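Report on the structure given below.
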Amino acid sequence: MVKLIDFIRNVPDWPVAGVQFKDITTLCLEPLPFKDSIDRIVNHYKDKGIDKVAAIEARGYVFGGAIAYLLDAGFILIRKEGKLPADCHQETYELEYGTDTIEMHKDAINEGDNVLLFDDLLATGGTAAAAARLVKKAGGKVAGISFIIELTGSLHGRDLLTEYDLLSLVEIPVEE
């Protein structure tokens with residue numbers, strides 16, 4: 001098993017001052033950690049009857065498509081407001097430095113589909129909780145939520161997601 005933290009870059013003051021951004025693009029550059037991270041998620045969820053994988057833009061797409069392929073599941077794009085062309089469900093949420101809105105096509109999920117959500121990073125939990133609400137609004141069931149990175153400590157993102165099978169591959173403590 002690869003030590004994934006060694007392949008994650010810290011970018012100070014991005015996207016706003018005071019945020020220590022955890023960049024997974026450096027993990028994607030190296031075949032072994034990239035493959036290992038995808039394999040670990042697939043192995044965790046392979047027996048959960050996943051029908052669809054829904055990933056949150058943009059870094060989520062890089063992993064989510066590969067995860068969906070290996071799970072023999074469909075793939076759903078969750079995007080920021082105004083980026084999808086057809087009728088959408090919409091959810092607004094808070095993150096550690098503001099608010100945002102995400103959308104998913106209304107016809108992306110069939111009633112009762114088991115959906116695995118993927119995002120690259122768990123911070124406050126707002127994005128993942130909003131994505132879970134989108135899945136439920138469309139008639140699906142959240143079979144699990146997975147992340148490469150979970151920021152632990154003062155953000156308490158996991159607290160919003162206690163009802164789900166949650167998998168994070170790397171935990172990074174943040175200062176209180």
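Read-outs throughout are calculated quantities, based only on the coordinates presented, and are distinct from any laboratory measurement. What you see is a predicted model, and the numbers here were worked out from it, not measured in a lab. Glycine gets a Cβ as well: all are built from the backbone with ideal geometry, and neighbour counts include every protein chain shown.
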Legend entry - Estimated inter-spin distance, T25 and I172, nm [label 7 Å along Cα→Cβ]: 1.4
Inset, instruction - List every residue whose amide H lies under 5 Å from the amide H of A54, counting only residues 5 or more places away in sequence or on a different chain, with H placed 1.01 Å from N in the peptide plane. - result: I76, L116, L117, F118
Inset, instruction - Go through K3/K52; K46/K141; K22/K52; K52/K106; K52/K137; K106/K141 and tell me which ones have a Cα-Cα distance over 18 Å in this structure. - result: K3/K52; K22/K52
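Would you please put 123-134, 82-93, 43-54 in order of how densely packed they are, using the mean number of other Cβ atoms within 10 angstrom per residue and starting with the highest?
Taking the mean over residues of other Cβ atoms within 10 Å, the ranking is 123-134, 43-54, 82-93.
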Legend entry - Radius of gyration, Dmax [the chain; alpha carbons; angstrom]: 15.3, 43
Legend entry - For the chain, calculated [θ]222 nm from helices alone, where every DSSP H run of n ≥ 4 adds -39500 (n - 2.57): -7500 deg cm²/dmol
Inset, instruction - For H156 paired with K35, estimate the spin-label separation in nm (one decimal), with each label point 7 Å from Cα along the Cα-to-Cβ line. - result: 4.2
Legend entry - Placed amide H near S168: partners under 5 Å, 5+ positions off or other chain: F147
Inset, instruction - Straight distance only, please: which aspartates and glutamates reach the Cα of K83 with their own Cα at less than 16 Å, same-chain residues fewer than 8 apart left out? - result: E57, E91, D100, E103, D107
Inset, instruction - Would you mind counting up the charge near E150? Only other residues with Cβ under 11 Å from its Cβ, with Lys and Arg at +1 and Asp and Glu at -1. - result: -1
Inset, instruction - Give me the distance in nm between label points sitting 7 Å out from Cα along the Cα-to-Cβ direction at Q90 and D165, one decimal. - result: 3.3
Legend entry - Derived scalar couplings ³J(HN,Hα) [the stretch 104-115; Karplus, 6.51 cos²θ - 1.76 cosθ + 1.60; whole Hz; x for Gly, Pro]: 8, 4, 4, 9, 6, 10, 8, 3, x, 4, 8, 10
